[in-house]
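Student: Quick one: this structure, given as C-alpha cells, is what I'll be asking you about.
Rule-based calculations on the coordinates, nothing more; no lab input. All values reported here derive from a predicted model rather than from experimental measurement. So basically every Cβ, Gly included, is an ideal-geometry build from the backbone, and we count neighbours across all protein chains shown.
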Amino acid sequence: MSAIPNQSVIEKIISENASIKHNGTAFKASEKYQVIDTVSVLKRLMNENFEPVEWTKTINPYNKHKVILKHTSFKEVNKEDLLQPMVHLTNSNNKTKSFSLNIGFLRLACSNGLTTFDSLSHLKRKHIGKHTTQIVEDFLNGFHSYVDDKMDIIRTMDEIHLQSQQINEFAMEALRLKFGNLNPIIEKEGQEIAQKIVERNRIYDREDTLWKVYNTVQENIFNGNFSVNGRKNRGIRSEWVQESMNNRLWNLATEFLKELAV
C-alpha cells in the first residue's frame with residue numbers, strides 16, 4: 001500500500017526553504033519556460049514510499065534547492081552490507097539549476113549510523129517541454145529497474161578481488177580526481193596519502209573487493225582521513241562538491257570493473 005503524503009513534512013520543508021515556497025513565482029521568464037513544481041513532485045514521490053530526510057534551508061527565493069528522499073525498501077549486497085535507495089531532487093526558480101532527480105544508495109555501513117551516499121545520475125530536465133506530472137511518472141516507471149541494474153553492478157564489484165597494486169592504482173586515480181592530475185601534492189605525497197585512504201574503518205570492509213575498496217576510499221576522502229603537508233585534510237563539506245565527487249568515483253569504479261571483469 002502506498003504511503004500517504006505527510007502534509008506536516010511538506011509544510012515544514014516549505015517553511016524552511018523560501019525557494020521551494022515561491023517555486024514558480026519568484027522569476028519571470030519566457031513562455032517556453034515551464035515551472036516544475038517541487039512540492040507537487042515531493043507529494044507524488046511520497047505516494048510511492050519515498051520519505052524526505054534532508055533539505056536545504058534558505059530565506060532567498062532565488063536560490064537553487066535540494067531535497068533528499070529515501071525509499072522504504074532495502075537492497076542486499078551481502079549479509080553484512082545493506083543499501084537503501086535514495087533520491088536527490090534539485091531545482092531552481094531562475095534558470096540557475098535544471099530540475100534533476102539523481103538516484104543513489106545510502107549504505108547502512110555500521111551500527112552507529114555511519115552512511116555514505118553514492119550518487120548515480122538518472123534524470124535531468126530543463127524547464128522546457130514536458131509537464132511536471134509526466135516527468136515524475138517517467139522517473140517512477142524506470143526507478144525500480146534502474147536500481148536493480150545498479151545492484152547487479154554493485155554485487156559484481158563485491159565479487160572481484162583486487163591485488164595490492166590494483167588497490168594502490170585505484171587510490172592514486174581517486175586522488176587525481178580530488179586534487180587534479182598536475183597538482184604537486186600527487187607527485188610529492190601521493191603514495192603516502194594513497195596508503196592512508198585505503199585503510200579500512202570497519203572489520204567487514206576488510207576484504208579487498210572492488211566494492212569495499214571503493215567505499216573505503218570514498219569515505220576517507222570525504223571525511224579527510226589523511227594529512228597533506230603535515231596538516232589534516234578538511235575533507236569535502238559542500239553537498240554539491242560531494243555529489244560531483246561521488247559521480248566521478250563511481251565512474252572510476254565502473255571503469256575498473258570493465259577492465260577486471262573481462
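Student: Considering only C-alpha atoms, what is the centroid distance from the stretch 221-248 to the stretch 151-207, in Å?
Tutor: 14
Student: May I ask for the percentage of alpha-carbon pairs in the stretch 164-260 that lie more than 20 Å from each other?
Tutor: Of all Cα-Cα distances in the stretch 164-260, 32 percent exceed 20 Å.
Student: So, one more: So which aspartates and glutamates pass the test for K212, namely a Cα distance under 12 Å, with those fewer than 8 places away in the same chain ruled out?
Tutor: Counting by Cα, and skipping residues close in sequence, K212 has these aspartates and glutamates nearby: E80, D81, D158, E159, E199.
Student: Taking 30 Å as R0, compute the FRET efficiency from the Cβ-Cβ separation of R176 and R202 and round it to 0.05.
Tutor: 0.70
Student: Note down the nm distance, to one decimal, between modelled labels 7 Å out along Cα→Cβ at K12 and at L140.
Tutor: Reported label-point gap for K12 and L140 is 2.3 nm.
Student: Next question, about the same structure. When a/c is below 1.5 the answer is rounded, else prolate if a/b is larger than b/c, else oblate, so apply that to the stretch 216-262 with a ≥ b ≥ c taken from the square roots of the Cα gyration tensor eigenvalues.
Tutor: Here the stretch 216-262 falls in the oblate category.
Student: Determine the alpha carbon to alpha carbon distance for each of K188/K258; K150/K188; K57/K188; K70/K258; K66/K150 and list only those over 32 Å.
Tutor: K150/K188; K57/K188
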